[in-house]
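Heads up, the thing below is written out as structure tokens.
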Amino acid sequence: MTFFRITLVRSAIGLPRKTRDVLKALGIRKRMGTVYHPVSADVAGQIMKIKELVAVSEVEKALTKQEEKAKRTPDAGYYIETRAGEQRELY
Amino acid sequence: MLGPFRASAPRLGGLLWKIPWRLSAMQKARQRKRLRAVDHVVAVVDKALATKGITTKSLERWKTEMPTEQEMLPKDKYTIFDRKEKTYRKGIHKLPKWTRVSQRLNPPGF
């Protein structure tokens with residue numbers, strides 16, 4: 001099963017109510033917000049309504065919100081060898 | 001003379017908007033980029049549906065009626081039909097929300 005990965009790139013501010021309602025129906029709340037929907041004729045029709053506003057790609061797996069976040073979070077740059085609590089037990 | 005309340009022609013005389021009559025080269029480049037972005041979205045949706053063997057009416061209509069960015073004439077990319085203009089054409093940037101709507105076809109012969 002494949003999915004459409006839909007990202008809102010252009011804001012729908014000032015556009016007709018119908019256009020904004022399509023975004024609402026797809027579950028896109030704000031610009032750069034990403035949603036996944038299974039490939040189907042009705043989702044394709046919805047994408048055609050907002051094709052000027054979104055970036056779309058076809059993916060194999062739908063990521064959760066947490067996985068999306070992890071994907072764009074940079075590496076922390078450090079790792080924890082021992083925790084403070086463990087250290088305290090040694091004293 | 002500077003600041004938010006400075007006297008200038010638009011502020012003193014009421015409605016005087018200075019929208020240039022033609023697009024700059026950069027605006028035209030961005031317009032082409034937007035047209036290609038829409039073409040790309042349509043292509044992705046078309047490919048995804050084709051692999052599943054389904055289709056939808058709005059997609060089929062778009063594919064038969066609308067030219068792609070490469071097929072469009074420069075005239076249609078940057079200008080739009082207007083019956084009130086002397087040359088029947090005005091810059092596409094006069095179209096409200098022109099960066100977020102698809103305006104590709106014009107009346108035949110104009």
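The values are calculated or read from the model by the stated rules, or taken from the named source; none is laboratory data. None of these values were measured; they are calculated from a predicted model. Counting neighbours? That spans all protein chains shown, and the Cβs are built from the backbone with ideal geometry, glycine included. Note: areas computed on protein heavy atoms with side chains; ligands, DNA, RNA excluded. Shrake-Rupley method; radii C 1.70, N 1.55, O 1.52, S 1.80 Å.
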Here are some residues: A:Ala44, A:Ala12, A:Ala55. Which one is part of a strand (DSSP E or B) and aliphatic (A, V, I, L, M)?
A:Ala55
Cβ contacts < 8 Å: first residue on the phi < 0 side of the Ramachandran plot, restricted to the stretch A:64-83; second residue hydrophobic (A, V, I, L, M, F, W, C), any location; separation 6+ or different chain. Result?
A:Lys71/A:Leu63
Cβ pairs under 6 Å, 6+ apart or interchain, first in the stretch A:40-59 and at the interface with chain B (Cβ under 7 Å from one of its Cβ atoms) and within 15 Å of B:Ala50 (Cβ to Cβ), second part of a strand (DSSP E or B) and modelled with pLDDT of 95 or more, ordered by first then second residue, are A:Ile47/A:Val56; A:Val56/A:Phe4; A:Val56/A:Ile6
For B:Arg22, indicate whether it is surrounded by 10 or more Cβ atoms within 10 Å (Cβ to Cβ) and either farther than 28 Å from A:Leu8 by Cα or of a type in the set (S, T, N, Q) (or both).
yes
Only residues in the stretch B:38-50 that are more than 8 Å from every other protein chain (Cβ to nearest Cβ) count as the first member; pair them with residues that are outside any helix (DSSP H, G or I) and among the basic types (Lys, Arg), Cβ under 9 angstrom, at least 6 apart or cross-chain, and list the lot.
none
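Table: residues versus (1) more than 21 Å from A:Arg10 (Cβ to Cβ); (2) open to solvent by 50 Å² or more (accessible area, probe 1.4 Å).
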{"residue": "B:Asp39", "(1), (2)": "no, no"}
{"residue": "B:Gly53", "(1), (2)": "yes, yes"}
{"residue": "B:Glu69", "(1), (2)": "no, no"}
{"residue": "B:Thr79", "(1), (2)": "yes, no"}
{"residue": "B:Asp82", "(1), (2)": "yes, no"}
{"residue": "B:Glu85", "(1), (2)": "yes, yes"}
Inspect all residues belonging to the stretch A:4-26 and state whether any of them is open to solvent by less than 40 Å² (accessible area, probe 1.4 Å), modelled with pLDDT of 95 or more and touching an Asp or Glu at 6+ places or on another chain (Cβ under 7 Å).
yes
Do any helices (runs of 4 or more DSSP H) entirely within the stretch B:1-91 hold 1 or more residues that are touching a strand residue (DSSP E or B) at 6+ places or on another chain (Cβ under 8 Å) and of a type in the set (A, V, I, L, M, F, W, C), and if so, which?
B:25-52
